[in-house]
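Below is one structure; the comments refer to it alone.
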Amino acid sequence: MTHSLSIAIDGPAASGKGTLARRLADYYHLPHLDTGLTYRAVGRALLIHGLPLDNVSAAETAARQVDLRNLDREALSAHEVGEAASKVAVFPTVRKILVDKQRAFATQPGGAVLDGRDIGTVVCPEADVKLYVTASAEVRAGRRLRDIEGRGGHADLAEILADIVRRDERDMGRADSPLRPAADAHLLDTSEMSIEAAFQAARTIVDEVLAKRNEA
Ligand code: C5P
């Protein structure tokens, strides 16, 4: 591909945006950044050092130390790390440090796929394609439960649902960069869609943008 292609994907926890982002990145041969991992890395650093999650200067230091080439998905996937991430993600100075790193990734030659909460609105407002992936809280809780059980764990559906609702409120209600669809985002409600169907729908949207660009 001679042109660069940037794809911004946003959506709430367990909406399927991460899987979709990875599939699109594979298909279009683009590098992919799950920006949630950067906030998780900050939350985890504070947890490891036993620091309170509202210690802004410690969170800023941890944010400066985040290395995009060295994000350990496995270590960062724990549930409490996600909760911690959403608490440190409310601080504008922490966000600014991470957003600068994410933008550098997004603007690399050839383009990239980024997924998160504020990619289409703040990190890459100029993205070629913006997708907002969502699903009902009940469907997302069910998917999260199946994920956990698939890895041999146990969890309670009602507790997962309560966590998801709380996380949505925190992510959508914060003052800086709240989760919301960009005005020009394509909405994909995956409540009744398989991941394959969601991928095909997203691919159609991206291909249309590419076709239009080639006509121009
Ligand atoms: O997507 P993931 O669940 O890994 O994100 C963890 C938390 O990081 C989110 O709940 C959100 O508070 C924060 N986040 C964010 N902006 C992003 C990505 C994640 O505020 N671009």
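Among L71, L24, L33, which is near the ligand (Cβ under 10 Å from one of its atoms) and either within 26 Å of T134 (Cα to Cα) or hydroxyl-bearing (S, T, Y) (or both)?
L33
Can you tell me how many residues in the range 59-86 are open to solvent by 20 Å² or more (accessible area, probe 1.4 Å) and of a type in the set (A, V, I, L, M, F, W, C)?
4
The rows are residues; the columns are (1) in a strand (DSSP E or B); (2) assigned by TED's automatic domain parsing to the domain that holds D10; (3) open to solvent by less than 80 Å² (accessible area, probe 1.4 Å); (4) among the charged types (D, E, K, R).
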residue	(1), (2), (3), (4)
R140	no, yes, yes, yes
G152	no, yes, yes, no
V165	no, yes, yes, no
E169	no, yes, no, yes
D176	no, yes, yes, yes
L179	no, yes, yes, no
L188	yes, yes, yes, no
F199	no, yes, yes, no
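Which residues, counting only those in the range 146-159, are of a type outside the set (D, E, K, R) and modelled with pLDDT under 95?
I148, G150, G152, G153, H154, A155
Which one is nearest to the ligand (Cβ to nearest atom), of the residues in the range 138-174 that are closer than 19 Å to A84 by Cβ and in contact with a Leu (Cβ under 7 Å, 6 or more places away or on another chain)?
Here the answer is D171.
The values are calculated or read from the model by the stated rules, or taken from the named source; none is laboratory data. Since the model is a prediction, treat every value here as computed from it, not as a measurement. Glycine gets a Cβ as well: all are built from the backbone with ideal geometry, and neighbour counts include every protein chain shown. Ligands, DNA and RNA are excluded from the accessible area calculation, which covers all protein heavy atoms including side chains. Shrake-Rupley method; radii C 1.70, N 1.55, O 1.52, S 1.80 Å.
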